[in-house]
Amino acid sequence: MNIHEYQAKELFELFGVATSQGSLATTCEEVKNIISTFSSQEVVLKAQIHAGGRGRGIFKDGFSGGVHVLKSMEEALEVAQRMLQNILVTNQTGPEGRLVEKLLVAQSVDIVQEFYLAILLDRNKEAPVIVVSREGGVDIESVAHRAPEAIRRETIHPLFGLQAYQSRSLAHCLGFRGKQLLQASTLITNLYRLFIELECMMVEVNPLVLTSSGEVLALDAKLSFDESALFRHPKIASMRDFSEEDPREVAASSAGLNYVGLDGNIACLVNGAGLAMATMDIIKHYGGEPANFLDIGGGASQEQIKEAFNILSKDPKVKVILVNIFGGIMHCDLIAEGIISAFNTSKLTIPLVVRLEGTNVEKGKKLLQESSLALHTAHDLREAAMRAKELAC
């Protein structure tokens, strides 16, 4: 789960991570009130959407940039008027863009140098890793491609945790000395504590900055969390912004289904993540394009199956639905009953290809045959994928 930058800054302050002063605004009046509390009217306005590349983004009306540094109250109010309720398009939003309904209004700081800092999970080493670079404020991917030696990675032992010498070494690697070395190492330590205690998947600060007054600040914040751990963190769960998520994924999550939307036209309804991946692979192998990853799990109810069909049928890109079920914990006859119920309830008009195998498979096939539904059955996954590809064309 991702959160907005203004929410991440609130967590930074809670964990003692030094950051710039700033607050959330949803109207120009709120922008004005926030700026009036600052010591200077030089401010930064940042569009609050779940997408990177905001600074280089373009609004639908041609207005440029989702991040603006402004010198006065008047300029800030004029720009805020242009940004709010406008659609921002970045390289991560796709051409449809995202509606900007919130702005982070932050006190501008005089930057001397920018750095990069992130804490991630290294799945190969099964441990957290801290990544730093003296080249901040730019895409870290471009730095990795252009100058991989400019990036330092420090693996943290999952039991021992971040050691003091490691945080000092990372701060020293970034070029900090003296008082700034202590500030930077303290910031890294507090950021790691946030990462562990809140069970994050990623904490990214780009840029981490050194100001002309000698302060080391986390000027930008991007946090994502392990959704499986949110039940232990109700405060973090309450920060979820459903308007920033795919409504199909929200509906699936509410129904206890695992769904990821894709760009193809062959919808997949499968029980088991591995089987779902194999189904998408074989669709691609025979020239089709999967429209989604949808795992209903091993113990889905008829209501969940009906909701799964409902989600798939509402996708305008979907031309055919491929059901691939291996009955183990979930019996094939239960799946067949769910398909029939979904057909009758939702009045599906999209062609349906069904492949059943496993426990009670003959009962399941018999139920489908006796239902007189307009569907296509397949004996194996190869036949199902080829038939789905034909119907999708």
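The values are calculated or read from the model by the stated rules, or taken from the named source; none is laboratory data. The shown structure was predicted, so the numbers you read here are calculated from the model rather than taken from an experiment. Don't worry about glycine lacking a Cβ; one is built from the backbone with ideal geometry, like all the others, and counts go over all protein chains shown. Ligands, DNA and RNA are stripped out before the accessible areas are found, and what is left, the full protein with its side chains, is counted by its heavy atoms. Shrake-Rupley method; radii C 1.70, N 1.55, O 1.52, S 1.80 Å.
You will find that of ALA80, ALA51, the residue that is open to solvent by less than 20 Å² (accessible area, probe 1.4 Å), part of a helix (DSSP H, G or I) and not charged (D, E, K, R) is ALA80 and no other. Of all residues in segment 299-323, those satisfying the criterion of being over 18 Å from VAL354 (Cβ atoms) and not acidic (Asp, Glu) are GLY299, SER301, LYS314, PRO316, LYS317.
Looking across segment 220-245, the residues that are among the charged types (D, E, K, R) and closer than 28 Å to GLU114 by Cβ come down to ASP220, LYS222, ASP241, GLU244.
When ALA184 is tested against (1) part of a helix (DSSP H, G or I); (2) without any contact (Cβ under 8 Å) to a residue 40 or more places away in the chain; (3) of a type outside the set (D, E, K, R); (4) open to solvent by 20 Å² or more (accessible area, probe 1.4 Å), exactly one condition is not met: (4). Within segment 135-152, is there a residue that is closer than 22 Å to GLY53 by Cβ, loosely packed, with under 14 Cβ neighbours inside 10 Å, touching a residue at least 12 places away in the same chain (Cβ under 8 Å) and aliphatic (A, V, I, L, M)? Within segment 135-152 (the criterion being closer than 22 Å to GLY53 by Cβ, loosely packed, with under 14 Cβ neighbours inside 10 Å, touching a residue at least 12 places away in the same chain (Cβ under 8 Å) and aliphatic (A, V, I, L, M)), the answer is yes, since at least one residue qualifies. Might you let me know whether segment 345-366 holds any residue that is in contact with a His (Cβ under 6 Å, 6 or more places away or on another chain) and among the hydroxyl-bearing types (Ser, Thr, Tyr)? Looking for residues that are in contact with a His (Cβ under 6 Å, 6 or more places away or on another chain) and among the hydroxyl-bearing types (Ser, Thr, Tyr), one finds at least one in segment 345-366, hence yes. Taken over segment 370-386, the criterion of being among the hydrophobic types (A, V, I, L, M, F, W, C) and under 26 Å from LYS284 (Cβ atoms) is satisfied by LEU375, ALA378, LEU381, ALA384, ALA385, MET386. Filter segment 267-298 for residues that are farther than 20 Å from GLY327 by Cβ and out of contact with any strand residue (DSSP E or B) (no Cβ under 8 Å at 6 or more places or on another chain); which is most open to solvent (accessible area, probe 1.4 Å)? Among those that are farther than 20 Å from GLY327 by Cβ and out of contact with any strand residue (DSSP E or B) (no Cβ under 8 Å at 6 or more places or on another chain), it is HIS285. Residues in segment 54-63 that are within 13 Å of GLY97 (Cβ to Cβ) and open to solvent by 10 Å² or more (accessible area, probe 1.4 Å): ARG54, ILE58, LYS60, ASP61, GLY62, PHE63.
Contact annotation: residue pairs with Cβ atoms under 8 Å, 6 or more positions apart or on different chains, pairing a residue in segment 27-43 that is aromatic (Phe, Trp, Tyr) with a partner that is open to solvent by 90 Å² or more (accessible area, probe 1.4 Å), are PHE38/GLN21.
Does HIS4 count as open to solvent by less than 40 Å² (accessible area, probe 1.4 Å), out of contact with any Pro (no Cβ under 6 Å at 6 or more places or on another chain) and farther than 25 Å from ASP246 by Cα? In short, no. Within segment 137-156, the set of residues being under 18 Å from ASN124 (Cβ atoms) and over 23 Å from the mean Cα position of the chain (by Cα) comprises PRO148, ILE151, ARG152, ARG153, GLU154, THR155, ILE156.
Is it the case that some residue within segment 25-41 is of a type in the set (Phe, Trp, Tyr) and under 17 Å from GLU204 (Cβ atoms)? No, that holds for no residue.
Please find, within segment 243-266, the residue that is farthest from GLY327 (Cα to Cα) out of those that are at pLDDT 85 or above and out of contact with any Phe, Trp or Tyr (no Cβ under 9 Å at 6 or more places or on another chain). The extreme case among them is ASP263.
Of the residues examined, LEU99 is one that is farther than 27 Å from SER212 by Cα, open to solvent by 20 Å² or more (accessible area, probe 1.4 Å) and not in a loop (DSSP other than H, G, I, E, B). Across segment 221-236, the number of residues qualifying as open to solvent by less than 60 Å² (accessible area, probe 1.4 Å) and more than 14 Å from the chain's Cα centre (by Cα) comes to 5.
Restricted to helices (runs of 4 or more DSSP H) entirely inside segment 299-393, those with at least 2 residues that are surrounded by fewer than 18 Cβ atoms within 10 Å (Cβ to Cβ) and of a type in the set (Ser, Thr, Tyr) are 332-346.
Screening the candidates LYS235, LYS179, LYS222 for the property of being of a type in the set (Lys, Arg) and in contact with a strand residue (DSSP E or B) (Cβ under 6 Å, 6 or more places away or on another chain) yields one hit, LYS222. Return yes or no: is GLY66 more than 23 Å from the chain's Cα centre (by Cα) and crowded, with 18+ Cβ neighbours inside 10 Å? So GLY66 fails the test.
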